[in-house]
Amino acid sequence: MTAWRLILIKRRGGLVVWDCSMGPQKHFVSASRVDIAFVILSAASGCAALIYEIVWFQLIELVIGSSAVSLGVLLATFMGGMCLGSLLLPRVVTRRHHPLRVYAIIELAIGGCGLLVLLVIPEVSRLYGAVALQGFPGLLLRAVITALLLLPPTVLMGATLPAIARWMDATATGMARVGSIYAANIAGAMFGCLLAGFYLLRIHDTAVATYVAVAINAAVALTAALLALLTSYRASAEAPRPAAAATGSGAGLVYVAIALSGLTALGAEVTWTRILALLFGASVYTFSVILAVFLLGLGLGSSAGAYLVRQVRDARRAFGICQFLLVLAIAWSAMMIGRSLPYWPVYPPMAPTQWIIFQVDLVTCAVAVLPATLCWGASFPLALAAVARGEDAGPATAAIYAANTVGAILGALGFSMLVFPAFGPKEAQQLLIAFAALAALMMLAPAFRLPVATDKAAFAAVPVIAGLLIVTVPGVPDLLIAYGRRMLLTDDAKVLYHGNGRVSSIAVTEQGGVRSFHVSGKAEASTALSDMRLQRMLGHLAALQHPNPRSVLIVGFGAGVTAGTFTLYPGIKRIVICEIEPLIPPHIGPYFKEQNYDVLHDPRVSIVYDDARHYMLTAKEKFDIVTSDPIQPWVKGAAVLYTREYFELEKQRLNPGGVVTQWVPLYESTAGAVKSEIATFLNVFPDGAVWSNELRGRGSDVVLSAQATAATVDLDAVDARLNRPEYARVLASLRDVKFKSESDLFATYMAQRSDLTGWLAGAVINTDRNLRVQYLAGMGMGRESDYSIYADLRRARTHPPALFTGTPQTMQALIDEIDRQARQLRIRMH
């Protein structure tokens, strides 16, 4: 056979050449260079994995819904697959196979699964929408769909680290090398998190992000396959056996302790993300920042742990000390988050760009949570060294990795769905300290041969110190739950209620005679005139454009004002409200009983606690009116209620002649985001209209409306309806928010699609595949932007001859009112 040569490395002016012929004599890459290659490959693999994770979470929640239960099922399946993969590889793949070759095949398979998930999601969405299941059967179906989609790639991801570990021996040095590779994997994951969150999904879409991850997998697989050709590997003829210490004395406690470490890590991530999102704003950028800091700490901690493994004699004891330091670190984080960070004088509108705020948030987050993440990162290699003995490091690595992942699953689900909602952030952090102390005690117990009295005294001090720290854990300031970063500007506000739900934290405040409802640190509704006008407009514009509405679907309860508006119409027989946070209607509605007409006790009202998209995807009922009053589009998860696919779902849920209304905020946004939202709506409803919620020369938001089929509004017919005795409460509701008649209400008309052609040129259509609105709007988070956006929009304002019909006198009255409001606006603006 003809020999062939590869020139691989240039060193000291000469060339190192490996002869890859099939002859009897070969020269191979040194083991140290393979270790360096593993570090680089593992980092690249981690980068691809985080890109997939972010993309898949975004795609799959569109199919199964973004309720807390759905996301819990999603997370459990994702992490459960990784746990299963780590356990299966040592049992399915024998040591006879070259670890690099196995690793290459796994990476290639992950890339193939990534492409498959991207292609299959739309088909699954159509299939899922055809099966209308609610309640437990629907939840079970969500779990099955998630498992079918995510188990293959996540099982493969979980198998990568044990595959690499097969290259090492199960000694302290070998485990240190595994720890270094694990640290590199986490470092790559941090880069992938920032790459996906701040660039790939902000500039491109889920398809491009997936292609980048697939390309990384392919490059890793190709490199690993090439290294497999150039490295020697002594295959074992025996079947793999568990490491000796895996069944030895005390090893079971090590597995329990590393599981507790995983539990506290994910429990803390859930808890601190919920709290820090109040401070930073619950945008996609905030979640990327927090996740990046967590991964940075885990990576640095794993590197430190890998170094310590080579230096310490008793890895179990070192692991116990690390868990005790974690007790102190969690207490530090709790103190910083509860008593320090909320009072830092950071005011976003003062920063020249949003990027400055992101940098401040990154540093702020690192100050608070980095110490704890360093301890979690160091725990993994220390636990590996505590149990691993013998020739094969694969089984020990798999077992520790699986135990840690099982704990992480319990922590993520337990704290997100049970502990945080039921008890609150203070109690959640107290429980974290207790679990970390328990792990420390397991590793520092006298059974592990503590030789002297000082060691025993240190062991006895752990529960005492942990108890003292638990008692001193502070609560989260009430004003932070309500106002977020702006809490320092609202010292005179009184918090009437606050609560922590499975999806969001909510509050009701009163300040200067105005009562407000807050979600995740931001006011979403209030009794202020501008807010009341908006909430009533969403209801009245829809109900008066429809000649005889009988059924209504409302997306988002809020303060219940929009829903209550529909209770005034005598012809409406059914009102369905979709609310994703179960805490809101029963606890918030009563505080706005006067404004929402006690909507909760209206017999026509039904409340569905579910993701609105999931409900519309699976429910077969149609409505005369569908109105959406979601939270800000930059809030993570809210952008799915501004996509073309969502508006098409609304259109499908409309009866013939049905009307849809949609809220679009101009404040805390950007011109690009507002253009995208309006352009996407008009792409689905070409005959839609834009209405201004203008007060005292300022418009902070607009309302979009459209009918299922092109139709006009008969002004005379509307006037006749409002003059009937049974519509007296409707007319009074309009007058409460300074609309003296239907002419006042319809004079808020601004424009239709033909008027906005120039302004909307180049606007991005927001789709399920890109969700660009959440990234565009996120750049305006916390900033004052409504004045300039509204000024640009009102320049397109025209008289509406095509939208309205009526007698010449009625039409002229409407035009006169529009002109009068325009003159007043010009006077105020000048």
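Given the conditions (1) under 21 Å from Gln58 (Cα atoms); (2) crowded, with 17+ Cβ neighbours inside 10 Å; (3) modelled with pLDDT under 85, and given that Val144 satisfies all but one, which numbered condition is not satisfied?
Failing condition for Val144: (2).
Evaluate region 311-330: report whether one residue or more is of a type in the set (Gly, Ala, Ser), within 22 Å of Met487 (Cβ to Cβ) and under 28 Å from the mean Cα position of the chain (by Cα).
Within region 311-330, the first condition is being of a type in the set (Gly, Ala, Ser), and the residues that meet it are 315, 318, 320, 329.
Checking the rest, the ones that are also within 22 Å of Met487 (Cβ to Cβ) come to none.
No, every residue in region 311-330 fails to be of a type in the set (Gly, Ala, Ser), within 22 Å of Met487 (Cβ to Cβ) and under 28 Å from the mean Cα position of the chain (by Cα).
Condition check ((1) in contact (Cβ under 8 Å) with a residue 40 or more places away in the chain; (2) part of a helix (DSSP H, G or I); (3) closer than 19 Å to Gly377 by Cβ; (4) among the hydrophobic types (A, V, I, L, M, F, W, C)) across all residues:
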| position | (1), (2), (3), (4) |
| --- | --- |
| Ala257 | yes, yes, yes, yes |
| Leu263 | yes, yes, yes, yes |
| Gly305 | yes, yes, yes, no |
| Phe319 | yes, yes, yes, yes |
| Ala329 | yes, yes, yes, yes |
| Ser333 | yes, yes, yes, no |
| Ile337 | yes, yes, no, yes |
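Take the residues in region 703-719 that are out of contact with any helix residue (DSSP H, G or I) (no Cβ under 7 Å at 6 or more places or on another chain) and hydrophobic (A, V, I, L, M, F, W, C), then tell me which one is least open to solvent (accessible area, probe 1.4 Å).
Ala706
Residue by residue through region 659-675, note down the ones that are in a helix (DSSP H, G or I) and crowded, with 24+ Cβ neighbours inside 10 Å.
Our first condition is that a residue be in a helix (DSSP H, G or I); within region 659-675, this holds for 671-675.
Those that are in a helix (DSSP H, G or I) and crowded, with 24+ Cβ neighbours inside 10 Å: Ala673, Val674.
Can you name the number of the only condition in (1) in a loop (DSSP other than H, G, I, E, B); (2) open to solvent by 10 Å² or more (accessible area, probe 1.4 Å); (3) of a type outside the set (D, E, K, R); (4) modelled with pLDDT of 90 or more that Leu776 fails?
(1)
Taking region 753-769 on its own, how many of its residues are open to solvent by 20 Å² or more (accessible area, probe 1.4 Å) and either in a helix (DSSP H, G or I) or not small (Gly, Ala, Ser) (or both)? Show your work before the answer.
Within region 753-769, the first condition is being open to solvent by 20 Å² or more (accessible area, probe 1.4 Å), and the residues that meet it are 753-755, 757-765, 768-769.
So of that shortlist, the ones also either in a helix (DSSP H, G or I) or not small (Gly, Ala, Ser) (or both) come out as 753-755, 757, 759-760, 764-765, 768-769.
Count: 10.
Please go through region 158-180 and pick out each residue that is open to solvent by less than 10 Å² (accessible area, probe 1.4 Å), at pLDDT below 85 and in a helix (DSSP H, G or I).
Once the filter is applied, which keeps residues that are open to solvent by less than 10 Å² (accessible area, probe 1.4 Å), at pLDDT below 85 and in a helix (DSSP H, G or I), region 158-180 yields Pro162, Ala163, Ile164, Ala165, Gly174, Met175, Ala176, Val178, Gly179.
Find all pairs meeting these conditions: Cβ atoms under 6 angstrom apart; at least six residues apart or on different chains; first residue within region 642-658 and part of a strand (DSSP E or B); second residue buried (at least 20 other Cβ atoms within 10 Å of the Cβ).
Qualifying pairs under 6 Å: Leu654/Ala708; Asn655/Asp624; Gly658/Asp624; Gly658/Ala708.
From the list Arg644, Arg653, Arg604, Arg613, which one is closer than 15 Å to Arg772 by Cβ and open to solvent by 10 Å² or more (accessible area, probe 1.4 Å)?
Working: Arg653 fails: closer than 15 Å to Arg772 by Cβ; Arg604 fails: closer than 15 Å to Arg772 by Cβ; Arg613 fails: closer than 15 Å to Arg772 by Cβ.
After ruling out the rest, the residue left standing is Arg644.
Of all residues in region 181-212 being touching a Cys at 6+ places or on another chain (Cβ under 8 Å) and open to solvent by 10 Å² or more (accessible area, probe 1.4 Å), which is nearest to Ser303 (Cα to Cα)?
Narrowing region 181-212 to residues touching a Cys at 6+ places or on another chain (Cβ under 8 Å): 188-189, 191-192, 195.
Next, only the ones that are open to solvent by 10 Å² or more (accessible area, probe 1.4 Å) stay: 191, 195.
Working: Phe191: 16, Leu195: 22 Å.
Filtering first and then ranking leaves Phe191.
Check Ser530 against each of (1) within 27 Å of Leu745 (Cβ to Cβ); (2) in contact (Cβ under 8 Å) with a residue 40 or more places away in the chain; (3) of a type in the set (Gly, Ala, Ser); (4) open to solvent by less than 10 Å² (accessible area, probe 1.4 Å) and name the one condition it does not meet.
Evaluating Ser530 over (1) within 27 Å of Leu745 (Cβ to Cβ); (2) in contact (Cβ under 8 Å) with a residue 40 or more places away in the chain; (3) of a type in the set (Gly, Ala, Ser); (4) open to solvent by less than 10 Å² (accessible area, probe 1.4 Å) leaves (4) as the failure.
In region 796-817, is there at least one residue being modelled with pLDDT of 80 or more, open to solvent by less than 10 Å² (accessible area, probe 1.4 Å) and either over 20 Å from Asn683 (Cα atoms) or in contact with a His (Cβ under 8 Å, 6 or more places away or on another chain) (or both)?
Yes, there is a match, as at least one residue in region 796-817 is modelled with pLDDT of 80 or more, open to solvent by less than 10 Å² (accessible area, probe 1.4 Å) and either over 20 Å from Asn683 (Cα atoms) or in contact with a His (Cβ under 8 Å, 6 or more places away or on another chain) (or both).
Yes or no: region 709-716 includes at least one residue that is in a strand (DSSP E or B), touching a residue at least 12 places away in the same chain (Cβ under 8 Å) and among the hydrophobic types (A, V, I, L, M, F, W, C). Spell out how you get there, then give the answer.
Taking region 709-716 first, the residues in a strand (DSSP E or B) are 713-714.
Going one step further and asking which of them are touching a residue at least 12 places away in the same chain (Cβ under 8 Å), we end up with 713-714.
Now narrow it down to the ones that are among the hydrophobic types (A, V, I, L, M, F, W, C): 713.
For region 709-716, residues in a strand (DSSP E or B), touching a residue at least 12 places away in the same chain (Cβ under 8 Å) and among the hydrophobic types (A, V, I, L, M, F, W, C): present.
Quick one: which of Ala372, Ala396 is surrounded by 24 or more Cβ atoms within 10 Å (Cβ to Cβ), at pLDDT below 90 and part of a helix (DSSP H, G or I)?
Working: Ala372 fails: at pLDDT below 90.
Exactly one residue qualifies, and that residue is Ala396.
So, Thr509, is that one touching a residue at least 60 places away in the same chain (Cβ under 8 Å) and either hydroxyl-bearing (Ser, Thr, Tyr) or open to solvent by 60 Å² or more (accessible area, probe 1.4 Å) (or both) or not? Walk me through it before giving the result.
Numbers: touching a residue at least 60 places away in the same chain (Cβ under 8 Å): no; either hydroxyl-bearing (Ser, Thr, Tyr) or open to solvent by 60 Å² or more (accessible area, probe 1.4 Å) (or both): yes.
Judged against the criteria, Thr509 is not a match.
Sort out which residues of region 551-584 are assigned to a loop (DSSP other than H, G, I, E, B) and small (Gly, Ala, Ser), and write them in order of number. Quick ask: steps written out before the conclusion?
Here is the first cut: in region 551-584, the ones assigned to a loop (DSSP other than H, G, I, E, B) are 556-560, 567-573, 579-583.
Result: Gly556, Gly558, Ala559, Gly560, Gly571.
This table checks each residue for (1) within 26 Å of the chain's Cα centre (by Cα); (2) surrounded by 17 or more Cβ atoms within 10 Å (Cβ to Cβ).
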residue	(1), (2)
Ala460	no, no
Val473	no, yes
Ala482	yes, yes
Met537	no, yes
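The values are calculated or read from the model by the stated rules, or taken from the named source; none is laboratory data. What you are looking at is a predicted structure, and each value in this text was computed from that prediction instead of being measured. Neighbour counts run over all protein chains shown; Cβ positions are idealised from the backbone, glycine included. Note: accessible area is taken over every heavy atom of the protein model, side chains too, but ligands, DNA and RNA are not part of it. Shrake-Rupley method; radii C 1.70, N 1.55, O 1.52, S 1.80 Å.
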